[in-house]
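**Student:** Got a structure here, written out as structure tokens. Questions coming.
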Amino acid sequence: MSITRVRCAARGLAAVVLATGALCVACSAGGVPPRLPIAGTRATGGLATVVHVVDGDTLDVRVGGRVERVRLLGVDTPETVKPGTPVECYGPEASKRTKQLLAPGTAVLLQRDREARDRYARLLVYLWRRGDGLFVNRTLLSGGFARPLSISPNTAHRAELAAVSAEADRADRGLWGTCPPGEPP
């Protein structure tokens, strides 16, 4: 498997991007955190620790000695903290669920897709809890705490996430059974 090193602007961060599209970020001089297997998959992920959940689909993690803001790929939870935007239907519930799933100190595995960061410089990741292999992006959709959001070229789990979300919609779980049709997100 070939490894390509990419420098992240102004931070001196090195992101190690594997041919599989997995993410591993390291900040120590020459140090690369170990690649760990993700339960139930053939993939590996970079180890990180949850610092703080911002809202339903955004959190801060410690990776390679630095705190990084991450945005979960494939999901869009209702807004609760976006400046100038009212709290949206089921937003508080989505944020609460993410906080329940990812308490501070939780060890997680991060896997990226094609693009490493969004326009806000957040790491774009699929996220699994290390302890039990729970795929958090999928869990938020299956419980109806988020709608699917697939933005090309970050589509590695699009089919799986869309299918889980469709099942939650059919079962009226979470926001699907609570929020008026057409309401954001």
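The values are calculated or read from the model by the stated rules, or taken from the named source; none is laboratory data. Everything numeric here is computed off the predicted structure, so don't read it as measured data. Here Cβ is always computed from backbone atoms with ideal geometry, including for glycine, and neighbour counts include all displayed protein chains. Ligands, DNA and RNA are excluded from the accessible area calculation, which covers all protein heavy atoms including side chains. Shrake-Rupley method; radii C 1.70, N 1.55, O 1.52, S 1.80 Å.
**Student:** Here is a check on your reading of the model: is L102 under 10 Å from the mean Cα position of the chain (by Cα), farther than 24 Å from P181 by Cβ, buried (at least 18 other Cβ atoms within 10 Å of the Cβ) and touching a residue at least 40 places away in the same chain (Cβ under 8 Å)? Outline the logic, then answer.
**Tutor:** Numbers: under 10 Å from the mean Cα position of the chain (by Cα): no; farther than 24 Å from P181 by Cβ: yes; buried (at least 18 other Cβ atoms within 10 Å of the Cβ): yes; touching a residue at least 40 places away in the same chain (Cβ under 8 Å): yes.
So L102 does not fit the description; no.
**Student:** Next up: If a residue must be open to solvent by less than 30 Å² (accessible area, probe 1.4 Å) and more than 14 Å from Y126 (Cβ to Cβ), how many such residues does the range 37-57 contain?
**Tutor:** Residues that pass the stated criteria total 4.
**Student:** Follow-up. Within the range 88-96, does at least one residue satisfy the condition of being surrounded by 22 or more Cβ atoms within 10 Å (Cβ to Cβ) and at positive phi?
**Tutor:** Yes, because at least one residue in the range 88-96 is surrounded by 22 or more Cβ atoms within 10 Å (Cβ to Cβ) and at positive phi.
**Student:** Let me ask another. Tell me, which strands (runs of 3 or more DSSP E) lie completely within the range 32-128 with 1 or more residues that are closer than 24 Å to S152 by Cα and hydroxyl-bearing (S, T, Y)?
**Tutor:** 44-55, 58-63
**Student:** When you scan the range 56-94, how many residues do you find that are under 13 Å from the mean Cα position of the chain (by Cα) and either of a type in the set (V, I, T) or under 18 Å from R138 (Cβ atoms) (or both)?
**Tutor:** Looking only at that region, the number is 13.
**Student:** Can I ask one more? Scan the range 71-83 and tell me whether some residue there is among the charged types (D, E, K, R), crowded, with 17+ Cβ neighbours inside 10 Å, closer than 29 Å to A171 by Cα and modelled with pLDDT under 95.
**Tutor:** yes
**Student:** Tell me, please, whether a residue that is acidic (D, E) and either modelled with pLDDT under 95 or under 16 Å from P78 (Cβ atoms) (or both) can be found in the range 119-135.
**Tutor:** Quick first cut of the range 119-135, residues acidic (D, E) only: 132.
After this cut, where a residue has to be either modelled with pLDDT under 95 or under 16 Å from P78 (Cβ atoms) (or both) as well, the list is 132.
Yes: the range 119-135 contains one or more residues that are acidic (D, E) and either modelled with pLDDT under 95 or under 16 Å from P78 (Cβ atoms) (or both).
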